[in-house]
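Visitor: Structure in structure tokens, see below.
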Amino acid sequence: MSEKKKAQTAEAEQEQSQAEVSQEQGEAVPEQPDLNQELERLAAENKELQDKLLRQMAEFDNFRKRTAKEKGELYDDATVKCVSRIVAVIDNFERALATPCEGNEEFKKGVQMIFDQLMQTLSDMGVEEIDALGKPFDPELHNAVSRAEDENFEENTVCQVFQKGFQLKGKVIRHAMVVVANS
């Protein structure tokens, strides 16, 4: 036998003899801890720790999703703010292109190319023109500045567009300024 086992055996025998002496003398014998109770306590503690871990993991996952959503919204808000300032430039390009330009056709062609490139860049960013002409009036998309008697259009239908509107992912950058038909 190894020295360690011999020492454990001797210790166990000593404890048993002390217990027998205590019993003979009528003293209370200290009880061995109940292993089943200890096992149950440890199992309950383990379950509690697992529950805490699962809750922490769920909280972190929710935090990650919320942060990603907020980041996307911040990007969209910044894009809307930037594009809202560019929209005035689009209006000026359209006015310039609508002006007769005799003798400067090459210049007008160059301006048209720049305008087309600007509109393609905005389209690539997700900016869309609000389609208004001939559509039912929608106060979420259109800003009615006037009503007109026009029998070519049904009642509450946009019959004329004064200024184009734009939106990004359903968020209005600028409402379309329109005239609504009154049949």
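The values are calculated or read from the model by the stated rules, or taken from the named source; none is laboratory data. Since we're looking at a predicted model, the values are computed, not measured. No Cβ is skipped: glycine too gets one built from the backbone with ideal geometry, and neighbour counts run over all protein chains shown. Surface areas here come from the heavy atoms of the whole protein model, side chains and all, with no ligands, DNA or RNA. Shrake-Rupley method; radii C 1.70, N 1.55, O 1.52, S 1.80 Å.
Visitor: Evaluate the following for M125: is it modelled with pLDDT of 90 or more and either within 29 Å of E73 (Cβ to Cβ) or in contact with a His (Cβ under 6 Å, 6 or more places away or on another chain) (or both)?
Guide: no
Visitor: Between a first residue in segment 146-166 that is in a loop (DSSP other than H, G, I, E, B) and open to solvent by 40 Å² or more (accessible area, probe 1.4 Å) and a second residue that is small (G, A, S) and at pLDDT below 85, which pairs have beta carbons less than 7 Å apart while being 6 or more apart in sequence or on different chains?
Guide: E151/S183; E154/S183; E155/S183
Residues are listed down the side, and each one gets a yes or a no for (1) small (G, A, S); (2) closer than 12 Å to F166 by Cα; (3) modelled with pLDDT of 90 or more:
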{"site": "K65", "(1), (2), (3)": "no, no, yes"}
{"site": "D77", "(1), (2), (3)": "no, no, no"}
{"site": "V83", "(1), (2), (3)": "no, yes, no"}
{"site": "A88", "(1), (2), (3)": "yes, yes, no"}
{"site": "E94", "(1), (2), (3)": "no, no, no"}
{"site": "A98", "(1), (2), (3)": "yes, no, no"}
{"site": "N104", "(1), (2), (3)": "no, no, no"}
{"site": "L118", "(1), (2), (3)": "no, no, yes"}
{"site": "H142", "(1), (2), (3)": "no, yes, yes"}
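Visitor: Still on this structure, please answer the following. Taking the criterion of being surrounded by 10 or more Cβ atoms within 10 Å (Cβ to Cβ), touching a strand residue (DSSP E or B) at 6+ places or on another chain (Cβ under 8 Å) and part of a helix (DSSP H, G or I), would at least one residue in segment 91-113 satisfy it?
Guide: Scanning segment 91-113 turns up at least one residue that is surrounded by 10 or more Cβ atoms within 10 Å (Cβ to Cβ), touching a strand residue (DSSP E or B) at 6+ places or on another chain (Cβ under 8 Å) and part of a helix (DSSP H, G or I).
Visitor: Regarding segment 83-93, can at least one residue be identified that is over 16 Å from A176 (Cα atoms) and of a type in the set (F, W, Y)?
Guide: Yes - at least one qualifying residue is present in segment 83-93.
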